[in-house]
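Colleague: Submitted below is the structure of interest, expressed as structure tokens.
The values are calculated or read from the model by the stated rules, or taken from the named source; none is laboratory data. All values derive from a computational prediction rather than experimental measurement. Positions of Cβ are backbone-derived with ideal geometry, glycine not excepted, and every protein chain shown enters the neighbour counts. Accessible surface is based on the protein model in full, side chains and every heavy atom, while ligands, DNA and RNA are left aside. Shrake-Rupley method; radii C 1.70, N 1.55, O 1.52, S 1.80 Å.
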Amino acid sequence: MHELGITENILSIALEQAQQRGAQRILKIRLKIGEMTAVVDECIRFYFEILSKDTMAAGAEIEVENVPIKVKCPKCGKTREASDYNFICPQCGVLSAEIVSGRELYVSSIEIE
Amino acid sequence: MEIKVLQKILEANEAIARENARLFKDKGVFVINIMSSPGAGKTSFILRTLEKLKNDFKVAVIEGDIASKVDAEKIREQGAPAVQINTGGACHLDANMIKNALNLLNLDDIDLLIIENVGNLVCPAEFNLGEDLKLMILSTPEGDDKPLKYPQMFTLCSVLVLNKIDLLNQTNFNVQKVRESATKLNANLQIFEVSCTTGQGINTWVTWLKNKFLVTR
């Protein structure tokens, strides 16, 4: 349900950027969302449709790039995907892992006209 | 025309959280953000902690709930200042709600500020408040599969409190299994086993907290 607050932020970031460039309309918003954030794309699209209704972002397409969870072993330095949340290094058995990606939550670009 | 933005979606919240953190540091206030599912025992845990700390420390509480004032009233009965935030539907507290609530507290007169987040194991994880410590409570009747189901929360918190440990023999909750699965997600997690009903384990937790407070401050 935190998608509502998140979508409000997406819309205001996009509107601000578009206004600064004197855009008439926002056609597309590209997002980067890490797997770990538990943010559901479909919910964002749903809230976005409602929130953007009377703005220049109405009808804009939301394109989401999902970023998988990647961890780095502090011992051997190997980076690998860990979408199963198994953070133990298969090589050295070290428990702690540095989370390299999967927590992203940002607007990467917008398309305007 | 495509425009590169590269802006964090929650940057507005992060900026206010940093502001809050600076203020807390200036005033020497240690801040704990407590998160759990509804009914895990956040308020009872705060009351137990207050009971042990209130003679040595000045503690205040911010209570976050979707509606009602019942939790803040329970805290005030214990003699601690409490501010109730009603989120009116929002499933988590954000940094701005905390900033506004601070207008109702005198930070010069507080050593420790405890924030009780809205009962929810997903959403509060994304919203930093400016706290020093993120703590989560998991109670035994909820089941021992929670680290597998809500991994994000376990990776973000530095303290895990296993509450209702007195009910252990009435549930199939396996403490060892939780310790293992939680530690796999977060090797530095501090784990405490407590019962807010019997008081078991509360002293161990409070002693740890006092040390943490003294070191940080």
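Colleague: Taking the inverse of the average 1/r across all pairs of different Cα atoms in the protein assembly as shown, what Kirkwood radius in Å do you get?
Modeller: Values: mean 1/r = 0.0470 Å⁻¹.
The Cα-based Kirkwood calculation yields 21.3 Å.
Colleague: Still on this model: At 1.4 Å probe size, what's the solvent-accessible area of residue A:32? Round to the nearest 10 Å².
Modeller: Probe radius 1.4 Å; accessible area of residue A:32 about 50 Å².
Colleague: Normalised by the residues of the stretch A:5-94, what does the relative contact order come to in percent, with Cα pairs under 8 Å and at least six apart?
Modeller: Taking the mean separation of contacting Cα pairs over the length of the stretch A:5-94, I get 28 percent.
Colleague: For the Cα atoms of chain A, what angle does the longest principal axis make with the long axis of helix A:41-51, in degrees from 0 to 90, nearest 10?
Modeller: 20 degrees
Colleague: Quick one: if the Förster radius is 35 Å, what FRET efficiency do residue B:73 and residue B:4 give, using the C-beta to C-beta distance and rounding to 0.05? The partial results should precede the final answer.
Modeller: On the way: r = 51 Å, r/R0 = 1.44.
Result of the calculation: an efficiency of 0.10.
Colleague: In percent, how large is the relative contact order of chain B, given Cα pairs closer than 8 Å and 6 or more residues apart? Walk me through the intermediate numbers first.
Modeller: Working: 394 pairs, mean separation 53.4, N = 217.
With pairs under 8 Å counted, the relative contact order is 25 percent.
Colleague: How many Cβ atoms of partner chains, on average, are near each residue of B:144-154 if near means within 10 Å of its Cβ? Intermediate results must be reported in sequence, preceding the final value.
Modeller: On the way: counts 0, 0, 0, 1, 2, 0, 1, 6, 9, 1, 1.
Counting other chains' Cβ atoms within 10 Å and averaging over B:144-154 gives 2.
Colleague: Follow-up. Based on DSSP H runs of at least 4 residues, each adding -39500 (n - 2.57), what is the mean residue ellipticity at 222 nm of chain B after dividing by all its residues, to the nearest 500 deg cm²/dmol? Mind showing how you got there, number by number?
Modeller: Working: 8 runs with 80 residues, N = 217.
Result for chain B, helices only: -11000 deg cm²/dmol.
Colleague: For chain B, state the semi-axes of the equivalent ellipsoid (square roots of 5 times the eigenvalues of the alpha-carbon gyration tensor), sorted largest first and rounded to whole angstrom.
Modeller: Details: eigenvalues 138, 107, 54 Å².
Output for chain B: semi-axes of 26, 23, 16 Å.
Colleague: I would also like to ask the following. At what distance in angstrom do the alpha carbon centres of the stretch B:20-51 and the stretch B:145-183 lie from each other?
Modeller: 19 Å
Colleague: With a ≥ b ≥ c taken as the square roots of the eigenvalues of the C-alpha gyration tensor of the stretch B:136-217, please select rounded if a/c is under 1.5 and otherwise prolate if a/b is larger than b/c or oblate if it is not? Could the numbers behind the result be given before it?
Modeller: On the way: a/c = 2.53, a/b = 1.19, b/c = 2.13.
Judged from the Cα gyration tensor, the stretch B:136-217 comes out oblate (a/c at least 1.5, b/c at or above a/b).
Colleague: Need one value: the accessible area of residue A:92 in square angstrom, 1.4 angstrom probe, rounded to the nearest 10.
Modeller: The value for residue A:92 is about 40 Å².
Colleague: Below 20 Å, Cα to Cα, which lysines can residue B:8 reach? Residues fewer than 8 away in the same chain don't count.
Modeller: Cα-Cα hits under 20 Å: A:28, A:32, A:70.
Colleague: So, one more: Too long at a 32 Å Cα-Cα cut-off: which of A:53/B:4; B:74/B:210; A:78/B:210; B:4/B:146? List each step's numbers first, then the result.
Modeller: Numbers: A:53/B:4 24 Å; B:74/B:210 23 Å; A:78/B:210 38 Å; B:4/B:146 38 Å.
Over 32 Å Cα-Cα: A:78/B:210; B:4/B:146.
Colleague: Using a 1.4 angstrom probe with every protein chain in place, what is the largest-first accessible-area order of B:63, B:131, A:49, B:180?
Modeller: A:49, B:180, B:131, B:63
Colleague: If you don't mind, another one. Which FRET efficiency value, to the nearest 0.05, is calculated for residue A:95 and residue A:50 with the Förster distance at 35 angstrom and r the Cβ-Cβ distance?
Modeller: Numbers: r = 44 Å, r/R0 = 1.25.
With a Förster radius of 35 Å, E is 0.20.
Colleague: Post the alpha-carbon centroid distance, the stretch A:73-107 to the stretch B:66-98, in whole angstrom.
Modeller: Using only Cα atoms to place each centre, the spacing works out to 37 Å.
Colleague: May I pose another question? For every helix of n ≥ 4 consecutive DSSP H residues, a contribution of -39,500 (n - 2.57) applies; sum these over chain A, divide by its total residues, and give [θ] at 222 nm rounded to the nearest 500 deg cm²/dmol.
Modeller: Numbers: 2 runs with 29 residues, N = 113.
Value at 222 nm, helices only: -8500 deg cm²/dmol.
Colleague: Other chains near A:102-111: what is the mean number of their Cβ atoms within 10 Å of each residue's Cβ? Let's see the in-between values first.
Modeller: On the way: counts 2, 4, 2, 5, 7, 7, 4, 6, 6, 3.
Per-residue shielding by partner chains comes out at 5.
Colleague: Something else now. Please work out how much accessible surface residue A:64 shows to a 1.4 Å probe, ignoring ligands, DNA and RNA, in Å² rounded to 10.
Modeller: Result for residue A:64: roughly 30 Å² accessible.
Colleague: Another question, if that's okay. How big is the dipole moment of chain A about its Cα centre under a simple scheme where the beta carbon of each Lys and Arg is +1, that of each Asp and Glu is -1, and everything else is neutral? Debye, nearest 20, please.
Modeller: Working: 13 positive and 17 negative charges, 114 e Å.
The dipole magnitude comes to about 540 debye.
Colleague: Next question. Please report the equivalent ellipsoid semi-axes of the stretch A:34-113, computed as sqrt(5 x eigenvalue) of the Cα gyration tensor, largest first, in whole Å.
Modeller: On the way: eigenvalues 269, 28, 11 Å².
In descending order, the three semi-axes are 37, 12, 7 Å.
Colleague: Now for a different question. Which of the three applies to the stretch B:16-106, rounded, prolate or oblate, going by the alpha-carbon gyration tensor with a ≥ b ≥ c and a/c under 1.5 meaning rounded?
Modeller: Values: a/c = 1.63, a/b = 1.03, b/c = 1.58.
It is oblate, given that a/c is not under 1.5 and a/b is not larger than b/c.
Colleague: Oh, and also: Quick one: what are the phi-derived ³J(HN,Hα) couplings along the stretch B:148-159, Karplus 6.51/-1.76/1.60 with θ = phi - 60°, whole Hz, x for glycine and proline?
Modeller: 3J(HN,Hα) across the stretch B:148-159, in whole Hz: 6, 8, 10, x, 4, 4, 5, 7, 8, 7, 9, 10.
Colleague: Show B:56, A:41 ordered by accessible area, largest first, where the area counts protein heavy atoms only and the probe is 1.4 Å. Before the final figure, lay out the partial values.
Modeller: On the way: B:56 95, A:41 35 Å².
Ranked list, largest accessible area first: B:56, A:41.
Colleague: Taking 51 Å as R0, compute the FRET efficiency from the Cβ-Cβ separation of residue B:25 and residue B:175 and round it to 0.05.
Modeller: Working: r = 36 Å, r/R0 = 0.70.
Step by step, r from the Cβ atoms, then E = 0.90.
Colleague: Rank these residues by their accessible area, most exposed first, probe 1.4 Å: B:142, A:35.
Modeller: Details: B:142 45, A:35 85 Å².
I get A:35, B:142, largest accessible area first.
Colleague: Would you mind giving the mean number of other chain beta-carbons within 10 Å of the Cβ of each residue in A:33-42, as a whole number? Let's see the in-between values first.
Modeller: Values: counts 1, 1, 1, 6, 6, 9, 4, 0, 0, 0.
The mean count of partner-chain Cβ atoms within 10 Å per residue comes to 3.
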